[in-house]
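Chemist: Quick one: structure below, then a few questions.
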Amino acid sequence: MLEQELIPEGVKRCSPGKFAAWIGILLLFVLWGLCAAFLIYGFGLGVTNLNNYFAFGLWIAVDLIVIALGAGAFFSGFLKYILGIDELKNIINLAVVVGFVCYTGALMLLAFEIGQPLRGWFGYWHANVHSMLTEVIFCITCYLIVLCIEFVPIILENRQIHKKPLFRNLAHNFHITMPLFAAVGTFLSFFHQGSLGGMFGVLFGRPFALREGFFIWPWTFFLFILSAIASGPVFIMLISAIMEKTSGRKLVPFSTKKLLGKISGLLLCIYLFFRILDVWSWASGVLPRTGFTFDEMFNQFYGQWLLWLELGVGGLLPAIILMTPSLRARSWLLYTAAALACLGVVVNRYVFAVQTLAVPVMPFDQWFAYLPSWTEWGTTFMMVGYSALVVSLAYRYLPLFPRERELNA
Amino acid sequence: MAETMQIREEFEIKWGMVIDVDKCTGCGACQVACQAENNIPPSTQSFNRLESVHWLYVYKLDNGLPYPDNDIAYLPRPCMQCGNPPCVTVCPVIATTKEEEGGIVSQIYPRCIGCRYCMAACPYHSRVFNWFDPQWPRGMDKTLTPYTSVRPRGVVEKCTFCHHRFQLAKRRARAEGRDPHHLREEEYIPACAEVCPTGAIVFGDLKNPRHRVHQLAQSEHAFRLLERLGTDPQVYYLSRRSWVRRQGDNHVQKDQQRGE
Amino acid sequence: MALDRRGFLKFVAGGVIGTGLTPLPWKVVDDVSIWTQNWPWIANIPDGEIHSAPALVKLGQPEYGIRVTKVEDRPVTASGNPDHPLSRGAIDPLAASSVQLLHSPSRISQPLKKSDGEFEAISWEQASRILIEKLAGLKGQRGQVACVSGDETSTANEILAGLLRGLGSEKFFFHPGETTLYHHIWQKLMGGRGHIGFDLSGADLVLSLGPDLLESWGNAVSHQRLFGEDAFRLLYAGPVRNNTAAVAERWIPVHSDALGHLALALIHHVLEQRPLAGKDLPGVNSLARYVRRNSTQVQAQKKTGLSQKTIRSLARELLEAERPLVVPGSLDGVCGVSGLDLYSGLCLNLLLGRLNTAGGLQCIPEPPKVVRDAPSWPEMRSGNLLAELQGIAQGSTSAPELLFFYETNPMYSLPDKELTHKALEAVPYKISFSQFMDETSASCDLVLPHHYFLERLDDAFTPFSSPSANYSVAQPVVDPVHATQSVPDLLLDISRELDLDPGFASYEAMLKEKARILGADWKKLISGGMWQNSTVLSQNSLKLWDEGIRRMLDKSRDSADEYQVHLVPQSHRKTGTPQTAIPPFGLKTLREDELEGDTFFVRLNRQTARKNGVREGSLVTISSPEGSCQAKVNLDEGVMTDAVVIPQGFGHTEWDAFSRDKGDNAHQLLGIRSEPGSGMAYCPSPRVRIDKIEAAR
């Protein structure tokens, strides 16, 4: 069968040679990661810059980030299938693929992160019901299964596979049940997005992260959910814009993009309200109670500039742009705001994962700084390369974008 | 505070330490004894709190004043065996528990998956990770004790108040027909307390009036590290110097000089 | 059914689902997690019966009893021996590491002979042959065989010194240390008899003039035990807030070259407030006149920086105490104290009436000699190694043909590297009995490794600073790990071969004889007990004054020093003694501000740093007339201004990865001086220069 025949009908794709070259570049990142993996599994995690003070580093921060940004998958599904916002069908397939690579990528990094990966399954068998991390493990696993189920029909719609009646029927049935999976996905995502925040909010030994809350859930539980759903949709939108720029083809109608922008903008405003309230209540409640001042939570490297970056450049600024229709209408402003909103989440997750551990708690302890090693970057870029690989293959061989044909006519 | 995430259990026995900071000369015998007793591997690098495998660490405290008003103190820091341990609730695989009579927070090496969440939770840096496999120079592995396993890379470890000595003491008591839950003070002593030349480290059952720690922990000079966080440590410190006691916790009023 | 693609896929899918329903995959996954506990490269621990045996620490001073826990026949840990009176259950970090040192990578596993600059392994028969031939060739020639011993308390010294005497040589030297300096001042200069011991347990106020009593001076663990029991109030006078000063009631900051003057000023105040003090001591009036006339207190004030009021009230404290005890000595427990410091400190005790009373100085008799033809112990102690080496280096003394090194590492631990190395290298044939490939062994022509202390029978008579005469013996705790031998027994055999019969068949027989003479119970000794006796020697030839003393006091007031900063050497047990290097577990106790990578730290306060243009973390060279060291700066406000603290125990060039090339050797900054008046050779803490090498990070 010709490679040509795998490509969806009626759309153009670049030559196989060019594609192979692109894949080749992505494989280089994968190779970088494999070299790092060899060292990590061969010698131990000491080949990274993680240490006794920074038990969490780049990998945990990236895991938090990709899961937050990958929230676009469940939330778009929720908006389309539960709230019935039909316009989102233009981007829902991409959302599923992005969600899939984000979650599988996160698990890939976890395979390096834990010291005894062969015992990883203990989280299921010897679960600790009191731990937020247990909740995360179960929910993410279940949600990954949901994502796979949501991905399957997209794969089945490949031109050649779709020819077989069995697969065509299968795909059709999946589509019918999709709202159920979207609902399940929403439920699961609510909990693991929240529990990832809860993981840090419960650390009563770390005043930087500690939060009061509601029953067993610290406020970070809800803040992480809000920031995830605020940035997830625009992340998907941004990916689609990047794919359009690199392929030279229109994939998603601008109206859909603007809609996602508006949804994100609104959620970002709600999130920021609570986040600012949270910072104030933490600074005036948790900190004095544990004997700290606001200034003591920061040093030169982990400075207050991170907080202003998160709230201002990564929060208020994109919120304003995304909430203003005239600004939203300009594509470059829309994309910039999307990127800034994602940046806000990146900073927020980084700060919770890493700065929490940098702040000395014992009065005679000291600050240390952490920068990831090439082995950590390598594995992270391997994940990025893998993600781009899957998205590229999906874009090339699967009908991801229902409006692509008409947009490029 | 996220109150409901606490796990509190009241035990009949509460193993604890009272460390007299005014008696600690910083010699380091406790650290050496701990390493030998618990099969902690030696290293050709000096101490580096970011990388070294260590259970007990002696901090050097300073009152922050210039010469000649400067004063220093040495503070040995084992695991606090918190009454409300931040690490126990967060472990996803129940590799650390506080369920045994006596209240020692356990660390179960074959169960630990090395996620290091407990290390993130502990404000005392009592927990360390095996970033590499342990190495002993040829022949020196003959000095490994049978008290505790050799930990491979990828698992977390910490001070256990020499729990194996507790087991041995209980076994001895049972063999002699005595109640293993009512041990005499000298029957169970961790290695660090045993070797301390000045006797700065005192160990015993905080709830037993016949053990010295019971009285010492109630002294007006006694303090615990980071009490305000609510960890309820089972390690107490003693110092007649108020600047040392002040460094046991964080205080918002920084208008006073640290040295008093 | 033909196996087409569809059939194959069905088969695979069926197989996967079917296998998933069996226990197989789940069992494998579970097993895999068990494998993760049992990788073959993770050390296994053989189990066995746990028991303990007594031992006697012999890793340099101090010697005291410990217990070694064994699993079957393997020693695993060392801890204190509550039944041994010198330690009463205490143990220091070096002794606590001693079991691991047994297996140190730097252990010498069999005799070595140097040919063409490289060591080759030889057998014990060959090694003994070589030794006997060499010694036979030198027998009868005066002073051709010499010996340096670092073990001051062992009966093995009698064998060595006796062998030397039999070969016609009196050149037996103990490695310079506190004992030799005290011996010189107390016995030679002041006419005293016996060893000075310190009864800290009986004192109620202890003033240390320099010695790091609770860390590295004398029987530090015993001092720590007593301190922990609140036996006495402790005051520390010295240039740095060391481990003793960290817990002392008060730190009195005084530069090391001013401690003797402080003692003289205290003598002045004591005499003022108690004019009849020491009235029966010969020479006390001359001393009193001297301190009155020479404005000692003004001198002291100038040199110490302490006000007259402070010094006077310190004197009053001493007088108001019932049983005060003043302890003069070196800062690092080696050889940095001057005769003036010792003399004035001892006199202060005498004037306070602290001689041969409870809680004071104890004049302890020397051990009985069992080798008939060996020199007496005072004779053995009178050898002056530093003066001898100076003579050889300057050409005024001829170097011996052959030199033994027993339990000592002078190529590392002697001052003035240039001079001492030159002198030692002038000896044509050098033999080491060391258990470790240390700097001295590496420079020798023949190495005959002794058993490690856990592998041998050995003894210790009255380690320095002991409060009374005592005797301890320990049996081996473990069979020799390497092909080493008991050197005292070897030397007995060799003596017999050379027709110099020492009179004993074995070392054990010698020790048994010593015990018999003392009236000690051998069985109790070898099970970790200790013989002690509180007999003290009366002093009938003691003098507090003579011409030499006057010259010593006069000359001490001159201080012409090229460099500005006082060097303060500081010893810690965790970095070993002059004989041992950093033990494996000791290295990990060195904090980040003590050793970073391979660079160690010197400590000075901010004012000193500013004066010398350096900051925290600056890389600097510390230079004295004799040598230089490289280090990083650590700012420490517990150091006097114009002083820099340098830790001992670093800068090894041999040994193993736990010690080699870490930091620099502080001994090379020390020079040898001959003190006018006392004639004592010692290595005072010099003044140094601090030069920045590069900017701080």
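Chemist: Kindly list the number of the only condition in (1) at pLDDT 95 or above; (2) in a loop (DSSP other than H, G, I, E, B); (3) of a type in the set (A, V, I, L, M, F, W, C); (4) more than 30 Å from A:Leu210 (Cα to Cα) that fails for B:Cys192.
Modeler: That leaves (2) as the condition not met.
Chemist: If you take just the strands (runs of 3 or more DSSP E) that sit entirely in segment C:1-116, which of them hold at least 1 residues that are touching a Ser or Thr at 6+ places or on another chain (Cβ under 6 Å)?
Modeler: C:50-56, C:65-71, C:74-80
Chemist: So B:Arg77 ticks every box in (1) facing chain C (nearest Cβ under 9 Å); (2) surrounded by fewer than 23 Cβ atoms within 10 Å (Cβ to Cβ); (3) within 18 Å of the chain's Cα centre (by Cα) but one. Which box is left unticked?
Modeler: (1)
Chemist: Tell me which residues, restricted to segment C:58-74, are within 10 Å of chain B (Cβ to nearest Cβ) and crowded, with 24+ Cβ neighbours inside 10 Å.
Modeler: If the condition is that a residue be within 10 Å of chain B (Cβ to nearest Cβ) and crowded, with 24+ Cβ neighbours inside 10 Å, then C:Ile66 is the only one that fits.
Chemist: What pairs come out if I take residues in segment A:85-111 that are under 18 Å from A:Val30 (Cα atoms) and pair them with residues that are surrounded by 24 or more Cβ atoms within 10 Å (Cβ to Cβ) and among the charged types (D, E, K, R) whose C-beta lies under 7 Å away, six or more apart or interchain?
Modeler: Taking only residues 6 or more apart or on different chains, the pairs are A:Ala106/A:Asp63; A:Leu109/A:Asp63; A:Leu110/A:Asp63.
Condition check ((1) within 23 Å of C:Glu49 (Cα to Cα); (2) among the basic types (Lys, Arg)) across all residues:
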residue	(1), (2)
B:Arg151	yes, yes
B:Glu157	no, no
B:Arg172	yes, yes
B:His181	no, no
B:Pro190	yes, no
B:Cys196	no, no
B:Asp205	no, no
B:Arg210	no, yes
B:His214	no, no
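Chemist: Sticking with this structure for a sec: Among the strands (runs of 3 or more DSSP E) confined wholly to segment C:587-697, which include 2 or more residues that are at negative phi and surrounded by fewer than 20 Cβ atoms within 10 Å (Cβ to Cβ)?
Modeler: C:619-623, C:628-635, C:687-694
Chemist: If you take the residues in segment B:131-145 that are assigned to a loop (DSSP other than H, G, I, E, B) and over 26 Å from B:Leu50 (Cβ atoms), which one is farthest from the other protein chains (Cβ to nearest Cβ)?
Modeler: B:Arg138
Chemist: Right, here's the next one. Going through A:Ala37, A:Ala21 one at a time, which residue ends up being outside any loop (DSSP other than H, G, I, E, B), away from chain B (no Cβ under 14 Å) and over 30 Å from A:Met237 (Cβ atoms)?
Modeler: A:Ala37
Chemist: Among the residues of segment A:79-91, which ones are surrounded by fewer than 22 Cβ atoms within 10 Å (Cβ to Cβ) and of a type outside the set (Ser, Thr, Tyr)?
Modeler: If the condition is that a residue be surrounded by fewer than 22 Cβ atoms within 10 Å (Cβ to Cβ) and of a type outside the set (Ser, Thr, Tyr), then A:Lys80, A:Ile82, A:Leu83, A:Gly84, A:Ile85, A:Asp86, A:Glu87, A:Lys89 are the ones that fit.
The rows are residues; the columns are (1) within 30 Å of C:Tyr507 (Cβ to Cβ); (2) among the polar types (S, T, N, Q); (3) without any contact (Cβ under 8 Å) to a residue 24 or more places away in the chain.
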| residue | (1), (2), (3) |
| --- | --- |
| C:Arg312 | no, no, no |
| C:Arg323 | no, no, no |
| C:Ser330 | no, yes, no |
| C:Leu340 | no, no, no |
| C:Ser344 | no, yes, no |
| C:Pro368 | yes, no, no |
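Chemist: Can you find a residue in segment B:154-165 that is more than 7 Å from every other protein chain (Cβ to nearest Cβ), farther than 29 Å from A:Val359 by Cα and touching a residue at least 40 places away in the same chain (Cβ under 8 Å)?
Modeler: yes
Chemist: Quick one: in segment A:67-122, which of the residues that are of a type in the set (Gly, Ala, Ser), within 14 Å of chain B (Cβ to nearest Cβ) and assigned to a helix (DSSP H, G or I) is nearest to A:Cys139 (Cα to Cα)?
Modeler: A:Ala106
Chemist: What's the total number of residues in segment B:104-129 that are hydrophobic (A, V, I, L, M, F, W, C), within 7 Å of another protein chain (Cβ to nearest Cβ) and not in a loop (DSSP other than H, G, I, E, B)?
Modeler: 5
Chemist: Condition test on B:Glu187, is it free of Cβ contacts under 8 Å to residues at least 24 places away in the same chain and within 14 Å of chain A (Cβ to nearest Cβ)?
Modeler: For B:Glu187, the condition - free of Cβ contacts under 8 Å to residues at least 24 places away in the same chain and within 14 Å of chain A (Cβ to nearest Cβ) - is not met.
Chemist: OK, next. Looking at segment A:200-212, can you tell me whether even one residue there is part of a helix (DSSP H, G or I), surrounded by fewer than 23 Cβ atoms within 10 Å (Cβ to Cβ), facing chain B (nearest Cβ under 10 Å) and aromatic (Phe, Trp, Tyr)?
Modeler: No: segment A:200-212 contains no residue that is part of a helix (DSSP H, G or I), surrounded by fewer than 23 Cβ atoms within 10 Å (Cβ to Cβ), facing chain B (nearest Cβ under 10 Å) and aromatic (Phe, Trp, Tyr).
Chemist: Another question, if that's okay. Could you tell me which residue of segment C:235-253 is farthest from the other protein chains (Cβ to nearest Cβ), considering only residues that are in contact with a helix residue (DSSP H, G or I) (Cβ under 8 Å, 6 or more places away or on another chain), surrounded by 24 or more Cβ atoms within 10 Å (Cβ to Cβ) and of a type in the set (A, V, I, L, M)?
Modeler: Looking at residues that are in contact with a helix residue (DSSP H, G or I) (Cβ under 8 Å, 6 or more places away or on another chain), surrounded by 24 or more Cβ atoms within 10 Å (Cβ to Cβ) and of a type in the set (A, V, I, L, M), I get C:Ala237.
Chemist: Looking at segment B:68-85, is at least one residue of a type in the set (Asp, Glu), touching a helix residue (DSSP H, G or I) at 6+ places or on another chain (Cβ under 8 Å) and not in a strand (DSSP E or B)?
Modeler: Among the residues of segment B:68-85, at least one is of a type in the set (Asp, Glu), touching a helix residue (DSSP H, G or I) at 6+ places or on another chain (Cβ under 8 Å) and not in a strand (DSSP E or B), which makes the answer yes.
Chemist: From the list B:Glu51, B:Glu12, exactly one residue is in a loop (DSSP other than H, G, I, E, B) and away from chain C (no Cβ under 11 Å). Which is it?
Modeler: Exactly one residue qualifies, and that residue is B:Glu12.
Chemist: Of these, B:Thr148, B:Thr97, which one is surrounded by fewer than 24 Cβ atoms within 10 Å (Cβ to Cβ), more than 7 Å from every other protein chain (Cβ to nearest Cβ) and more than 25 Å from A:Leu210 (Cα to Cα)?
Modeler: Answer to the check: B:Thr148.
The values are calculated or read from the model by the stated rules, or taken from the named source; none is laboratory data. The shown structure was predicted, so the numbers you read here are calculated from the model rather than taken from an experiment. Backbone-built Cβ (ideal geometry, glycine too); neighbour counts: all protein chains shown.
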